[in-house]
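Quick one: the structure is below, questions incoming.
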Amino acid sequence: MHIIIGILAAIVLFAILVVVHEGGHFAAAKAVGIKVNEFSVGMGPLLLKKQKGDTQYSVRAIPVGGYVAMEGETEDSDDERAFNNKPAWAKALVVVAGPFMNFLLAVLVLGAMITWYGTSVTPYIETVGTDSPAYEAGLRSGDRILKVNGTDTASGEEISEAIGTAAETEDSVEITWQHKGDAEPVTSTVSFREEEDGHKRIGIQFRRGHNLLTGMGYGLVRSVEIEKEMLRVLGEMITGKGSTEDVVGPVGIVSVVDQTAQTGFANLVLLLALLSLNLGLVNILPFPALDGGRLLFILIRAVTGKAITDSMENAVHYFGLLLLLALMLLITMKDINTFIFN
C-alpha cells in the first residue's frame, strides 16, 4: 500500500515542480509580450486540454516534465510576438525565470517550515536538562548567554551554531552567561555529552519565535547553502573526484519520495524544496536544450549578431536533447536495477 502512496506523492511533487518551473517561463513570456501556444503539465499523449486566448492548457499522460511552447521558439516566425523576434534581454528573462522560480519555491518552503517550527531568536535559555552538562556547570532557565568560546553572540541561532561548530572538533565549549538579576557574567567550560543519535550536546534549549520575515530570511540563507553544496558535489562528479552512484532519475526519485513519505509530511515538504533547488540548478547549466544552454546562445548571439542562425541553434539544442534523453535512459535502467530488482 505504501508504494501506491509513494507513487501518488511523487506525481504530486512532480506536478508542483513542473507548474512552478514552467509557470516561471510562462509568466515571464506573457510579461514581455511573447505569444504562448501551449502550457503543458506532463509529456506524451494528450489527456485534457482547455483553450484560453492564444494558449492551450494541457495535461498529458506521462507525469514527468512539461513545457511552455512559445511562438518562434524552435522555428522562425513572422509574428511580432514570437520569441525569435524579441530582444536579447526579453529572451534571457524568459529563460532564467524557470530556474529562478524553482529557487524561489525552495526559499518559500524552507522559510515556511522554519517559521512553523520557530527560530531561536533570543539568547535567553528556555530550558536546561537537570541531568545535563549545562546544568552541572550552573546554567539555568532564563540565563542569557553572552559568549561562546570568547565570541559575542546575539541570538539563540548564533549560539546553537557556535556550540555545534565546537562540538565537531572539541570535547567541551567555553560559555559566558549571566543570571537574571546578576551584575557580573559567569564563564565556565561545559563538557559535551554524546546522545543516542550521535550528536554532542550540552543540554539547553532557547526561546523560539515564529516571525515570518525571520523565517524567510533563514529560508534564503539555507537555500543558498544547499545550492553551494550541490554545486560542489556536481563539480566533483564532473572532475571525476566524486561518485555518480547517487545520481537518480524518475524511478529513483519515486523510490526516494516513497521512503520519505513514510517518515512524515514535514520531510516530504523538505524533499520538495531540495528537488526544486536541484531542478533549478540542473536547468541553468550551460548545456544545449537546457535553460542554461539557451541563455548561453542568447548571450553569444547578442555579441555575434547574425553569425548564428535560429536553425543552427535549434540543431544544437536538438542534439543536446538527444544526449539528455540517452543519459536519462541509462540512469533509468540503473534505477530499475537498483530500486526494483535489488
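Any read-out appearing in this document is the output of simple, stated calculations on the displayed coordinates, not a laboratory observation. Nothing here was measured: the structure is a model prediction, and the numbers come from that model. A quick note on method: Cβ atoms are made from the backbone with ideal geometry, for glycine too, and the neighbour counts reach across all protein chains shown.
Where Lys and Arg each count +1 and Asp and Glu each count -1, what net charge lies around MET70 among other residues with Cβ under 12 Å from its Cβ?
Taking every Cβ under 12 Å from that of MET70, the sum is -1.
Sticking with this structure for a sec: Work out how much length THR165 to THR338 would gain on full extension: take 0.36 nm times their residue separation and subtract the Cα-Cα distance, in nm to one decimal.
Net length gain for the segment: 58.7 nm.
To the nearest Å, what is the center-to-center distance of the range 72-129 and the range 175-202, using C-alpha atoms only?
Measuring centre to centre over Cα atoms gives 40 Å.
Mind putting a number on the dipole of the range 52-131 about its Cα centre? Charges go on the C-beta only, +1 for Lys and Arg and -1 for Asp and Glu, and I need it in Debye to the nearest 20. Intermediate results must be reported in sequence, preceding the final value.
On the way: 5 positive and 10 negative charges, 35 e Å.
My answer is approximately 180 debye.
Treating the angle as unsigned and between 0 and 90°, give the value, to the nearest 10°, between the Cα long axis of helix 250-261 and the longest Cα principal axis of the chain.
30 degrees
Run the quick spin-label model on MET230 and SER188: label points 7 Å from Cα toward the beta carbon, then report their separation in nm to one decimal.
That separation, rounded to one decimal, is 4.5 nm.
Report the gain in length on full extension from ASP152 to VAL221: 0.36 nm times residue separation, minus Cα-Cα distance, nm rounded to one decimal. Spell out each step's value before the answer.
On the way: separation 69, 0.36 × 69 = 24.84 nm, distance 2.10 nm.
Stretched out fully, the ASP152 to VAL221 stretch lengthens by 22.7 nm.
For a Förster distance of 45 Å, can you work out the FRET efficiency between the beta-carbons of LYS49 and LEU330, rounded to the nearest 0.05?
0.85
Let me ask something else about it. Using 1/(1 + (r/R0)^6) with R0 = 45 angstrom and r between the beta carbons of LEU323 and LEU212, what's the FRET efficiency to the nearest 0.05?
0.55
Relative to the longest principal axis of the C-alpha atoms of the chain, give the angle of the C-alpha long axis of helix 88-117, reported between 0 and 90° and rounded to the nearest 10°.
Helix 88-117 sits at roughly 30 degrees to that axis.
Let me ask something else. Got a sec? Which residues in the range 197-211 would a label at GLU126 touch, if it sits 7 Å along Cα→Cβ and we count backbone N under 15 Å?
Correct set: 203-211.
Taking only Cα atoms, what is the 0 to 90° angle, nearest 10, from helix 265-283's long axis to the longest principal axis of the chain?
Once rounded, the angle reads 50 degrees.
Could you check the simple spin-label distance between ALA27 and LEU8, using points 7 Å along Cα→Cβ, in nm with one decimal?
Taking the simple label geometry, ALA27 and LEU8 are separated by 2.9 nm.
Sticking with this structure for a sec: The range 118-220: which trypsin sites (Lys or Arg not before Pro) are DSSP loop and have at most 15 other beta-carbon atoms within 10 angstrom?
Passing both the DSSP loop test and the Cβ count: ARG140, LYS180, ARG208.
Report the number of Lys pairs in the range 30-153 whose alpha-carbons are under 14 Å apart, with separation of 8 or more residues or on distinct chains.
6
Right, next: Mind listing the phi-derived Karplus ³J(HN,Hα) values for the range 211-222, rounded to whole Hz, using 6.51, -1.76 and 1.60 with θ = phi - 60°, and x for any glycine or proline?
With the stated coefficients, the range 211-222 comes to 7, 5, 5, 4, x, 5, x, 5, x, 5, 4, 5 Hz.
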